[in-house]
Amino acid sequence: MATLAQLAAAGAASSFMAWAVRGRSAQIFGRSVWRGPRNLPTLALTFDDGPSEATPQILDLLSEYRVPATFFQCGHNVDRLPAIARLVAERGHEVGNHSYSHPYLFLRTPSAIETELRRAQDSIANHTGTSPVWFRAPFGVRWFGLAAAQRKLQLTGVMWSTIGYDWSRRADEVVARLTAAASNGAILCLHDGRELGENPDVRTTVETVRRLVPLLLDRGYKFETIGRLICPKI
Ligand SMILES: [Zn+2]
């Protein structure tokens, strides 16, 4: 029978693993950032799961306010909508890698993980002309083999300081949540797609951007891509 100490150790190990897999500050499964410097009134808007048919609506809102963002694209969606993927890069936004088919990396083999990242990297490079340097893990889940795959592809992981839950909550709730969480160096996570769904309903996300960007500009925040947020001198 397990002793109390063994049970406590097992509990600690499982909570450690949970943090290692999903914790925003964890770097156990690969180099990763989750926020920028706290000494500048600068933050980053990030969008995952695109491109989708609705991405141009978000691009138009960002253009209206002259705000750059970072789009973590899925290779499958890039292959499906290459012109929209390219438009994101042409508008001056940064494009990151969000895997090819948006799987949970949990329990995958190292070679399957590398293939997911590499296929997305190739698809994004082919269609947008830019090779991502940032990777956001689907569902924020990292696993054994990811560190090596990131190293081979020269990718750094990016988590977030606050996630918007824009796939499940109302726009007013998402805006309130992100506004309350805005701070120097914040990385805010929204979604211009819904995993691999075609014609996804992202009206909440569009409405969130429409309301959130002017609110944060009024508060004196400047928006940056992840690259410029993390390395302001570049
Ligand atoms: Zn995602």
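Worth pointing out:
- The figure for Trp167 is an accessible area of roughly 120 square angstrom, using a 1.4 Å probe on the protein chains alone.
- Segment Asp122-Ala18, extension gain: residue separation times 0.36 nm, minus the distance between their alpha carbons: 34.4 nm
- Taking all pairs of distinct alpha-carbon atoms in region 37-129, Kirkwood radius in angstrom: 13.9
- Charge dipole (Cα centre; +1 on Lys/Arg Cβ, -1 on Asp/Glu Cβ; no other charges) of the chain amounts to roughly 820 debye.
- A 1.4 Å probe run over region 121-223, with the rest of the protein chains in place, finds 43 Å² accessible per residue.
- P(r) tail, region 1-85: Cα-Cα pairs separated by more than 15 Å, 73% of all pairs.
- Taking all pairs of distinct alpha-carbon atoms in region 75-155, Kirkwood radius in angstrom: 12.6
- Label-point separation, Asp218 to Arg151 (7 Å along Cα→Cβ), nm: 4.9
- Taken about its Cα centre, region 21-95 carries a charge dipole of about 480 debye when Lys and Arg each add +1 at the Cβ and Asp and Glu each add -1 at the Cβ.
- For the chain, the share of accessible area belonging to carbon and sulfur comes to 54 percent (1.4 Å probe, ligands and nucleic acids excluded).
- Where both bridge residues fall in the chain, DSSP classifies roughly 0% of the beta bridges as antiparallel.
- For region 143-188, the percent of C-alpha pairs falling in each 10 Å distance bin, counted from 0 to the bin holding the largest distance, reads 24, 32, 25, 19, 0.
- Debye log10 I(q)/I(0) at q = 0.07, 0.16 Å⁻¹ for the chain, Cα point scatterers: -0.22, -1.09
- Simple spin-label estimate for Glu198 and Leu87 in nanometres, 7 Å along Cα-Cβ: 1.8
- Charge dipole (debye, nearest 20) of region 44-142; +1 at Cβ of Lys and Arg, -1 at Cβ of Asp and Glu: 220
- The calculated FRET efficiency for the pair Gln6 and Ser168, based on their C-beta separation and a Förster distance of 35 Å, comes to about 0.35.
- Pair-distance distribution of region 1-50: all C-alpha pairs, bin width 10 Å, starting at 0; shares per bin in whole percent are 20, 28, 28, 14, 8, 1.
- For region 181-234: rounded, prolate or oblate by the Cα gyration tensor [a/c cutoff 1.5]: oblate
- Take the Cβ atoms of Arg210 and Thr130, set R0 to 25 Å, and the FRET efficiency comes out at 0.40.
- The alpha carbon gyration tensor of region 97-234 gives principal lengths a ≥ b ≥ c with a/c of 1.5 or higher and a/b greater than b/c, which makes the shape prolate.
The values are calculated or read from the model by the stated rules, or taken from the named source; none is laboratory data. Because the structure is predicted, anything quoted here is derived from the model rather than measured. FYI the Cβ positions are ideal-geometry reconstructions off the backbone, even for glycines, and counts take in every protein chain you see. SASA here: full protein model, heavy atoms, side chains in, ligands and nucleic acids out. Shrake-Rupley method; radii C 1.70, N 1.55, O 1.52, S 1.80 Å.
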